[in-house]
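The next block holds one structure in the form of structure tokens; read it before the comments.
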Amino acid sequence: MLLAGGQGSRLGVLTSDMAKPAVAFGGKYRIIDFPLSNCINSGIDTVGVLTQYQPLVLNSHIGIGIPWDLDRNNGGVSVLPPYERSGNADWYSGTANAIYQNLNYIDNYDPDYVLILSGDHIYKMDYSKVIEQHKKTGADLTICAKIVPIDEASRFGILETDDQLRIEKFVEKPKEPKSNKASMGIYVFSTDALIEAIESHPDIQDLDFGKHIIPDMINTKKVYAYEFFDYWKDVGTYDSYVEANLELCHDVALDLYDPKWKIYTRTEDLPPVKVGADANISTSLISNGCRIDGTVEESVLSPGVVVGKGSTVKHSIILNDVVIGENCHIEDTIIDKETVIGNNSKIGYGNDLTPNKDNPKVLSSGLNVIGKKLILPEGLEIERNVRIFSSMNHKEINVKHLKSGETLK
């Protein structure tokens with residue numbers, strides 16, 4: 001059961017019209033491709049994808065599951081949006097509530113175990129090993145856990161375990177964490193224990209695994225941790241999204257080129273990359289259909305991107321079909337798909353790191369984020385921590401200079 005209905009509000013410019021799991025990542029992929037690929041690589045061929053917020057792009061990407069070999073008559077992938085029952089329709093109002101509303105789907109397959117995943121993390125994991133440990137320990141619930149820096153532990157559900165990895169305490173996002181063993185939001189339940197925990201809870205509305213189900217089960221059931229030591233990244237902020245993308249340009253633990261563990265995705269039929277005579281590319285990922293006549297340094301370019309003559313793209317994430325004109329300088333910037341950058345533009349420069357004035361919590365490190373399907377005028381200069389939302393009409397963008405911290409929407 002793959003929970004993929006999250007809004008991803010901290011990525012607001014990128015998620016204004018799509019769920020966070022549908023956001024592009026690593027050039028040719030989308031975030032949800034990673035858990036879906038992990039499923040088929042782990043021998044799991046029955047997957048329910050629970051969608052809710054702005055599901056159109058995500059539903060279209062998943063289709064009938066062909067890229068992941070999940071187009072099957074028995075099992076395969078099923079998209080599970082909220083639906084009307086007995087005269088009323090309820091939105092999913094918590095992670096466990098979403099599972100509760102789809103217990104009939106689970107019952108239809110009568111499984112011994114249910115694997116519950118988040119659709120918005122970047123990692124490669126063999127889930128069969130988690131299930132194997134779950135069986136050996138006789139657990140009712142197994143929670144995948146990873147050691148995180150102690151100064152980041154308050155962002156996660158934190159586990160405390162004994163020497164046998166049995167969980168003795170679980171606290172959701174503690175202000176003063178006593179452990180740095182974090183829940184990854186990946187659970188294996190014995191089916192009977194899952195159904196009992198959900199149906200016996202007095203408040204089905206807003207029911208959440210981290211806040212309600214897990215703490216209750218620790219007191220009454222056998223709950224164990226499965227320790228995971230490989231690459232795993234929550235890309236819920238602009239900074240972590242850029243960091244994870246740019247890490248792919250270097251030698252990191254997440255190997256996209258392993259033929260034994262492929263990451264599958266839905267792809268377009270595009271021509272090969274075209275590199276001009278004066279182009280200069282270093283330490284970057286360049287996807288099919290790109291045409292490069294300028295300089296690209298430590299950046300990730302999605303399919304169909306054009307970089308004009310004399311232009312430089314540096315430390316940036318450029319999504320599908322963006323056109324960057326001539327003699328531009330783009331640095332520390334995310335540009336969403338189908339946006340056109342006019343000639344002689346300068347985006348991402350200067351030492352003024354004034355946080356974004358509308359939302360300083362989401363943008364303060366110097367990044368700029370530019371929405372999709374915009375036409376930016378020639379000669380535009382943008383400093384740091386600037387957001388331009390997709391809702392802007394290109395005719396309204398008549399400014400020539402955006403200072404650090406400004407927002408257009």
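The values are calculated or read from the model by the stated rules, or taken from the named source; none is laboratory data. Quick caveat, the model's predicted, so the values are computed rather than measured. Quick reminder, even Gly has a Cβ in these numbers, built from the backbone with ideal geometry, and neighbours come from all protein chains shown. Each accessible area value is taken on the protein alone, full model and side chains, heavy atoms only, with ligands, DNA and RNA left out. Shrake-Rupley method; radii C 1.70, N 1.55, O 1.52, S 1.80 Å.
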Hydrodynamic radius by Kirkwood, which averages 1/r over all alpha carbon pairs of the chain, in angstrom: 22.5
For segment 343-409, convex hull of alpha carbons as volume per residue, Å³: 74
Along each principal axis, Cα extent of segment 274-409, largest first, Å: 41, 30, 21
Sites matching GluC sites (Glu not before Pro) across segment 324-389 that sit in DSSP coil, with at most 14 neighbouring C-beta atoms within 10 Å: GLU378
Cα→Cβ-extended label distance, 7 Å offset, between LYS409 and HIS250, nm: 3.2
R0 of 25 Å, Cβ-Cβ distance LEU56-THR267: FRET efficiency to nearest 0.05: 0.85
Cα-based helix-to-principal-axis angle, 238-247 vs the chain, degrees rounded to 10: 80
Positive dipole terminus of the chain, leading residue within ALA98, SER287, LEU367 (C-beta point charges): LEU367
Residues in segment 370-409 reached by a label modelled at LYS357 [backbone nitrogen below 18 Å; 7 Å Cα→Cβ]: 381-389, 397-409
Principal axis dimensions, segment 56-197 - Cα atoms, whole angstrom, descending: 45, 33, 33
5 Å-binned pair-distance histogram of segment 221-267 (Cα, whole percent): 4, 15, 18, 23, 18, 10, 7, 4, 1
Length gained when the stretch SER9-ASP278 is fully extended (0.36 nm per residue, less Cα-Cα span): 92.8 nm
Estimated FRET transfer efficiency (THR220, SER391; beta-carbon r; R0 35 Å; 0.05): 0.10
Rh (Kirkwood; distinct C-alpha pairs) - segment 154-312, Å: 19.8
Spin-label model distance (nm) - GLU199 vs TYR105, 7 Å beyond Cα toward Cβ: 1.9
Using a Förster distance of 25 Å, the FRET efficiency for ASP230-LYS178 (Cβ separation, nearest 0.05): 0.50
Rounded to 5, the percent of DSSP beta bridges in segment 24-152 classed as antiparallel: 45
The chain - share of DSSP beta bridges that are antiparallel (%, nearest 5): 30
Accessible surface ranking that places the most exposed of ASP203, ASP107, ASP258 first, with a 1.4 angstrom probe: ASP107, ASP203, ASP258
Cross-link table LYS175/LYS262; LYS314/LYS357; LYS274/LYS409, entries beyond 30 Å C-alpha to C-alpha: LYS175/LYS262; LYS274/LYS409
Nearest-20 debye value, the chain charge dipole, Cβ charges on Lys, Arg, Asp, Glu: 660
Angle in degrees between helix 127-137 and the longest Cα principal axis of the chain, rounded to the nearest 10: 20
Net length gained if the chain between ILE66 and ASP258 were fully extended (0.36 nm per residue, minus Cα distance): 67.1 nm
